[in-house]
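Down below is the structure, laid out as structure tokens.
The values are calculated or read from the model by the stated rules, or taken from the named source; none is laboratory data. Values in this document were obtained by computation on a predicted structure and should not be read as measured data. Positions of Cβ are backbone-derived with ideal geometry, glycine not excepted, and every protein chain shown enters the neighbour counts. For accessibility, only protein heavy atoms count, side chains too; no ligands or nucleic acids. Shrake-Rupley method; radii C 1.70, N 1.55, O 1.52, S 1.80 Å.
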Amino acid sequence: MNETVNIRELSDLIASKSNIVSLVKQGMDQTIVGQQHLVESLLIALLANGHVLLEGVPGLAKTLAIKTLASLIDAKFSRIQFTPDLLPADVIGTMIYSIQKERFEVKKGPVFANFILADEINRAPAKVQSALLEAMQERQVTIGEQTFGLDDPFLVLATQNPIEQEGTYPLPEAQVDRFLMKVLIGYPSKTDEAAIIRRNIAAAKPTVNALVKPAELVETRAVVNQVYLDEKIERYIVDIVFATRFPQDYGLNDLQSMIEFGASPRASISLAQAARANAFLHSRAFVIPDDVRNVCHDVLRHRLGLSYEAEASNITADEIINNIIDKIAVP
Amino acid sequence: MKKTIIFLLLLLAATAHAGPVVLKARLDSATLLMGRITRLHIEVAQDKGTVGRFTFEERDTLSREVEIAAKPAGDTTDLNNNREQIRRDLILQAFDSGLYVLPPVTYIVGSDTVRSGTPLTLKVIPVNVDSLNNVHPLKPVAEPEYKWFDWMPVWLVKYWWAVLPVVLLIAGALTAVWLKRKNGTIIPKRIKKRLPPAEEALAALHAIKARMAMMEGKQYYTELTDVLRVYIDRRFGINAVEMTSSQIKRHLKERGETRAVDEQLDMILESADFVKFAGLRPLPGDNEAAWQRAVDFVEVTRPAPEPTTGTKQ
């Protein structure tokens, strides 16, 4: 076969950079048992330069996963525990007066790190959430009169607890849209649980060494951005996103009353970016419909506004997405 | 003096010629069943021009027990000889049994009072009532019989002929809207009988082959895989049109019916994915090979013809 785009060359490039993925996956396996979807989602977010909102009950290795990832990439890690009395300055930093120097100095907050775990982000008031989400979007922070760019890579992993909703501040739709993916994390299997016990009661704890430099990751991202996305896949993505907005146009009349508002154009961009990263993870130089389907739920579930009727009928966003991708013809 | 005497003699003669007023009365029947009526016939014979009046005109009873139920108008008959007869009837009614003597009928002419002759008697006979056997209880209030249109308003019953076409028109419009929503059209499309899946797929594959030289690789592989997807959908009941290549392969492998040609299908789908999504341009030989694999896949997986059970004698 002849090539109109240099797929073979790109494939070779991807193969050369894929060792980073293998290294990170192996490193994660040292500390994390199971949770393959969590690990892959973190890698996709890392490669697609996005952030992840994680929903799961406590104790499912969310912190351990991101700490391990930070250690593997030789990057700085911060954990911010969101509480109702947290202030924006506690996240982004503030100006403090130095008696020795007799002037105000910038005290950078925990947001100045490569990997940030925003634990229980919905426990802090909206102004604190906004401060972090703005930093996520703009990738820069202004303290006093100075603007500071954030480090690259910059990955925020925010968590939400799905069972305790009392006294929380749910993230507004406009802000939740800024997360590339919302990943639901479940309990491990029996086999994985037994392995977790064994690993944690063992005398010797696994040590994680830095295997990847942040600069290598940035280079890898550049390769990810070269992954070929055909116009057929673009149309497929557009069809999926449009079906969330106008389900009746795709023969999904039943969904019309279930969806209050559909996914935004940012969802289309995110779907394309995440599909590219997914193709890269599978060492492929081009995106196929499987890549789109693999990331579709994680990218769209937090971007769909469900109607009261859907909530009353216990219809979830995932069920709506399933209906949509089962109805849209695959190119 | 002579003239005066003659005038007085003539006046005397004229006065001596004036006739008497004669009043007669008779009953239709002397007996009367209680509550029934009878007639009292009255006849007055008098000179023409005589003016008189009956005394019963001002009363509604003849006696305390006998009532005048009605006073029909009278009739006057010329008796010639300057005489006339007046006839009046009275309708009498009595509700108390007994024998009653009716007072004479009185007719007043000027200062004279004329009475009917012999007093009349009227016997009122009581009605036998068997109160023990013939007393019936009061009947309950009868319910009116309802008709099917009683619930409808009066205007609807009155103007149904105008309302009916409007109702039919609305019903027709609603049906049209319903059909439009359900089928996308008011007039249902005629459904063409489809060929069996294998025949349909082979016909489509041959049509693609005829146009192979004119098509670009991406279009060629898209049409080729579309035909296979529809065939797999119809043949195996797998919703292949909405599935990715890997999903189709997984579903077919689970079924095991296509084991013999799994590899061929994998090659077709893999090549198609490369052409469609990686922008690769296939060589003419690749197209021919993919087409042949598609035909082989359909031929191998088409259902075996049903065996005939017997022959006609």
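Would you be able to say whether some residue in region A:103-113 is touching a residue at least 24 places away in the same chain (Cβ under 8 Å), open to solvent by less than 40 Å² (accessible area, probe 1.4 Å) and either aromatic (Phe, Trp, Tyr) or outside the structural domain of residue A:51 (by TED's automatic domain parsing) (or both)? Yes. Evaluating residue B:198 against the criteria (1) surrounded by 10 or more Cβ atoms within 10 Å (Cβ to Cβ); (2) within 22 Å of the chain's Cα centre (by Cα); (3) modelled with pLDDT of 85 or more leaves one unmet condition, (2). Among residues of region A:310-331 that are away from chain B (no Cβ under 14 Å), those with a beta-carbon under 9 Å from a residue that is in a loop (DSSP other than H, G, I, E, B) and β-branched (Val, Ile, Thr) at least six positions away or on a different chain give the pairs A:310/A:316.
Identify all residues within region B:47-63 that are of a type in the set (D, E, K, R), part of a loop (DSSP other than H, G, I, E, B) and over 59 Å from the mean Cα position of the chain (by Cα); write none if there are none.
So in region B:47-63, the residues of a type in the set (D, E, K, R) come out as B:47-48, B:53, B:57-60.
Remaining after also requiring part of a loop (DSSP other than H, G, I, E, B): B:48, B:59-60.
Within region B:47-63, just B:48 meets the criteria.
Of everything listed in (1) within 20 Å of residue A:288 (Cβ to Cβ); (2) open to solvent by 20 Å² or more (accessible area, probe 1.4 Å); (3) under 60 Å from the mean Cα position of the chain (by Cα), the single unmet condition for residue B:232 is (2). In this entry, residue B:123 passes the filter for residues that are surrounded by 11 or more Cβ atoms within 10 Å (Cβ to Cβ), on the phi < 0 side of the Ramachandran plot and among the charged types (D, E, K, R).
Could you pull out the residue among A:53, A:72, A:38 that is open to solvent by less than 10 Å² (accessible area, probe 1.4 Å) and in contact with a His (Cβ under 8 Å, 6 or more places away or on another chain)? Let's see the steps before the verdict.
Working: A:72 fails: in contact with a His (Cβ under 8 Å, 6 or more places away or on another chain); A:38 fails: in contact with a His (Cβ under 8 Å, 6 or more places away or on another chain).
Every option except A:53 fails the conditions.
Going by the structure shown, is residue B:183 within 14 Å of chain A (Cβ to nearest Cβ) and among the polar types (S, T, N, Q)? Even if it seems obvious, please write down each step before you answer.
Details: within 14 Å of chain A (Cβ to nearest Cβ): yes; among the polar types (S, T, N, Q): yes.
For residue B:183, the condition - within 14 Å of chain A (Cβ to nearest Cβ) and among the polar types (S, T, N, Q) - is met.
Against the condition out of contact with any strand residue (DSSP E or B) (no Cβ under 9 Å at 6 or more places or on another chain), free of Cβ contacts under 8 Å to residues at least 60 places away in the same chain and open to solvent by 20 Å² or more (accessible area, probe 1.4 Å), how does residue B:240 come out, does it pass? No: the conditions fail for residue B:240. With respect to residue B:139, is the statement that it is within 14 Å of chain A (Cβ to nearest Cβ) and loosely packed, with under 11 Cβ neighbours inside 10 Å true? No; evaluated as a whole, the condition is false for this residue.
Conditions (1) modelled with pLDDT of 85 or more; (2) out of contact with any Cys (no Cβ under 7 Å at 6 or more places or on another chain); (3) open to solvent by less than 40 Å² (accessible area, probe 1.4 Å); (4) not assigned by TED's automatic domain parsing to the domain that holds residue A:36, marked per residue:
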position: A:66; (1), (2), (3), (4): no, yes, yes, no
position: A:91; (1), (2), (3), (4): yes, yes, yes, no
position: A:96; (1), (2), (3), (4): yes, yes, no, no
position: A:101; (1), (2), (3), (4): yes, yes, no, no
position: A:129; (1), (2), (3), (4): yes, yes, yes, no
position: A:135; (1), (2), (3), (4): yes, yes, yes, no
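How about region B:116-141: which of its residues are of a type in the set (Val, Ile, Thr) and farther than 30 Å from residue B:41 by Cα?
To start, the set of residues in region B:116-141 that are of a type in the set (Val, Ile, Thr) comprises B:118, B:121, B:124-125, B:127, B:129, B:135, B:141.
Within region B:116-141, B:129, B:135, B:141 qualify.
Which ones in region B:247-287 are among the basic types (Lys, Arg), touching a residue at least 24 places away in the same chain (Cβ under 8 Å) and under 14 Å from residue B:225 (Cα atoms)? B:276, the sole residue that qualifies. Got at least one residue in region B:207-228 being in the same structural domain as residue B:249 (by TED's automatic domain parsing) and under 58 Å from the mean Cα position of the chain (by Cα)? No - not one qualifying residue is present in region B:207-228. Restricting to region A:182-235, and then to whatever is in contact with a Gly (Cβ under 7 Å, 6 or more places away or on another chain) and within 14 Å of another protein chain (Cβ to nearest Cβ), can you tell me which residue is most open to solvent (accessible area, probe 1.4 Å)? Among those that are in contact with a Gly (Cβ under 7 Å, 6 or more places away or on another chain) and within 14 Å of another protein chain (Cβ to nearest Cβ), it is A:228. Selection of region A:265-293 for residues being more than 9 Å from chain B (Cβ to nearest Cβ) and among the β-branched types (Val, Ile, Thr) yields only A:269.
Does residue A:246 qualify as being farther than 28 Å from residue A:157 by Cα and away from every other protein chain (no Cβ under 14 Å)?
Details: farther than 28 Å from residue A:157 by Cα: yes; away from every other protein chain (no Cβ under 14 Å): yes.
Judged against the criteria, residue A:246 is a match.
The helices (runs of 4 or more DSSP H) falling completely within region A:140-235 that include 3 or more residues that are of a type outside the set (A, V, I, L, M) map to A:190-201, A:214-224. Scanning region A:242-251 for residues that are of a type in the set (S, T, N, Q) and surrounded by 20 or more Cβ atoms within 10 Å (Cβ to Cβ) yields one hit, A:244.
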